[in-house]
Amino acid sequence: MSHTQAEGVIRNIIREIAQTCLSRGQTLTETLIAFMVKAVVLDPRNHFNVDRTLTKQDVQKLIELCVDKLMDQTSPTLNTIKMQVYFDMNYTSRREFLEVQERVLQSRLLSLSREITDSRAKTREDLKNLYGKIVSYAIQRSNLGSATDINTVRETTAALQSIFPQSQLATFMSLLKQDKEQQLSELTLIVSGIRLFNKDSRKGGEGIQNLPSILNETVPAAAADIENQLAESQRLAWQYTALLENIYEQDTKHTECPIHPDLLKQALYNTRQHEAFLTFILADIIQSAKEVTRLQSDLKTRMTLLKDTVHTKTTVPTSQVFPHFTALASLWTGLEGEMLLLSMLTNVASGLRAFLSAQSLLSPDQLELLLHGLQVRTDADRCSETAEEHIVESEMSSCEWCFRFEDVPLQYKGFCGFTLVKKNGLLLPGNPNIGVLKHKEKYYAFSSKSAAYEFASEADEFVSAVVEMAKRWPELIQLLQLHQEFASVTPYSEMQSGQKLLVKTISKSDASMQTEIHPLETNIVKSYEWNEWELRRKAIKLANLRNKVTRSMQTDLSHMRRHNSTQTFLPKDAGSQTKRDGESNVPKPQVYLSGLRGGTNMMKVDLTRAVDE
């Protein structure tokens, strides 16, 4: 079966499952159905072989199994998978969310911006309409009030006229389209800053919400609500963990428990997944609170600087106030983004409650009765109990252990893989202080020292056992982040309805091959050169431009019609030597006269030294 045919079969299976569930009163998304198909195929208990083409009986069996699982509304597993799908489809990281909101705003104003930049207004009425469109664009782009409110329009028009009077429209229309868009954005920021300044000065600001005050109330309230939900999920997870530990410690089934252990285990997965998602949301809200505090502080500081700049002055240079207005608008836009982000996070958290089926599995009275006499330990209690346990590297010298784990991503989201395998899927948090095992570039934490030693002694077997367990309980793939172990399973946010689902795990390997350069001697071109510089060298050698002279001439018809140039080689600097400097040294003549003082006989004595001396 070709790839296209396989995709067609999968689409038909998904479509038939969706129609069957719809006829029974359940409307399900294709993403949920697609993952359920994968989960059913991966489960070894269903005996599907991805290496062969599905027969009609296999397809019918697959559809029936998927419909049965999707229609079981009391199954915590189904609710956990729905929760995972809902979170991945609705939750967005902080940076991505703000980028998406910016793109949505730009696309919403694209037609209006195009009308402004492409306008060819000439008459007075057309220019007036163009100016009104610029005012409307400034209101909608800044989100400061409604473009249909007459007071907001008047205030924005007055602010725009103070920096961009209607008489400058001719200059604006003469610009290039890119320059028009840039000036439009700059005008919007300055106008928004002016309106915010007027609002703070109690001289305007019609229709502008008091975002700092609203955020100061909503952010702490949202954080407190998420913390309460998180505490409730953690409490349920600790209670279900205590029940499962008590059951697994006995040799026989816990006959007093009215719920099957597998159902309790599914409820534990459900609460742990809800806890993990709420932890993500709470971290984003805390970061948002810090960002709101920073933005409000910068906004207050900038407003103070602006007031000091324009205080008791009738005219102020634009180079001094325009940067302040632009900064005010940018800071206010940041506060609006935080408001939208907070709304998204609270909506996602509210939507997750519908999939927390662990609360309805046992009534509070039943849970209290089952927990009678049992010790319910928190995750912190378990870590404190094993605080004195530490790995001795000399006892397991063949393994690599880490004791600094601040930035180390732990496998299985920090849960103990040994306990997960040995206690039939029980999730116990690992304590990194015991020691973190590094195995094949992955890091594992454990709930006890003995668990760490046993896991390290047979690490590959335990890793494979965890993968096999995830095939039976598909919610563990997302909960424990096992997507790398399942090459045929993609995260929900990356899944498409038309994607090929029944695929075999892909194994990769490096390969290389070598062939002869020219198998046939007759195909060899002796003059071929692969090096471009060698070709250039040959071309220069053939041209021999140094021995050539470039000449040009003009006629009466071509005079003053083209540029002419002549290339010559300048004469080289040269020098010559015609004579050599020389010198000689001879004795200095010295003569002595004696008998000059009162004597009658004078004698002349020659004291000059000989030349050859």
### Query
Is one or more of the residues making up region 68-77 modelled with pLDDT of 85 or more and over 27 Å from PHE280 (Cβ atoms)?
yes
### Query
Hey, among the residues in region 456-481 that are buried (at least 19 other Cβ atoms within 10 Å of the Cβ) and among the aliphatic types (A, V, I, L, M), which one's farthest from the chain's Cα centre (by Cα)?
ALA456
### Task
Output the number of residues of region 219-235 satisfying the condition of being within 18 Å of ARG377 (Cβ to Cβ) and open to solvent by less than 10 Å² (accessible area, probe 1.4 Å).
1
### Summary
The residue that is most open to solvent (accessible area, probe 1.4 Å), considering only those in region 181-218 that are in contact with a Gly (Cβ under 9 Å, 6 or more places away or on another chain) and farther than 18 Å from GLN296 by Cα, is GLU206
### Query
Given TYR131, TYR91, which one is touching a residue at least 12 places away in the same chain (Cβ under 8 Å), of a type outside the set (A, V, I, L, M) and farther than 30 Å from LEU356 by Cβ?
TYR131
### Message
Looking at LYS56, LYS69, LYS38 in this structure, which one is over 24 Å from TYR269 (Cβ atoms), out of contact with any strand residue (DSSP E or B) (no Cβ under 9 Å at 6 or more places or on another chain) and not hydrophobic (A, V, I, L, M, F, W, C)?
### Response
LYS56
### Summary
Picking from GLN229, GLN182, the residue that is assigned to a helix (DSSP H, G or I), without any contact (Cβ under 8 Å) to a residue 40 or more places away in the chain and not hydrophobic (A, V, I, L, M, F, W, C) would be GLN182
### Query
Out of region 359-391, which residues are on the phi > 0 side of the Ramachandran plot and in contact with a Pro (Cβ under 7 Å, 6 or more places away or on another chain)?
none
### Message
Being open to solvent by 70 Å² or more (accessible area, probe 1.4 Å) and either among the hydrophobic types (A, V, I, L, M, F, W, C) or touching a Pro at 6+ places or on another chain (Cβ under 7 Å) (or both) is the filter here; which residues of region 92-141 pass it?
### Response
VAL104, LEU110
### Query
What are the residues in region 291-326 that are of a type outside the set (Gly, Ala, Ser), within 15 Å of PRO212 (Cβ to Cβ) and open to solvent by 30 Å² or more (accessible area, probe 1.4 Å), if any?
GLU291, THR293, ARG294, GLN296, ASP298, LYS300, THR301, ARG302, THR304
### Task
With the condition kept exactly as written, say whether any residue in region 445-459 is outside any helix (DSSP H, G or I) and free of Cβ contacts under 8 Å to residues at least 12 places away in the same chain.
yes
### Query
Could you say which residue among LYS588, LYS572, LYS579 is more than 60 Å from the chain's Cα centre (by Cα), among the charged types (D, E, K, R) and modelled with pLDDT under 75?
LYS579
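The values are calculated or read from the model by the stated rules, or taken from the named source; none is laboratory data. Keep in mind that what you see is a predicted model, and the values were worked out from it rather than measured. Neighbour counts are summed over all protein chains in view; Cβ atoms, including those assigned to glycine, are modelled from backbone coordinates with ideal geometry. Remember, those area values only see protein heavy atoms, side chains included, never the ligands or the DNA or RNA. Shrake-Rupley method; radii C 1.70, N 1.55, O 1.52, S 1.80 Å.
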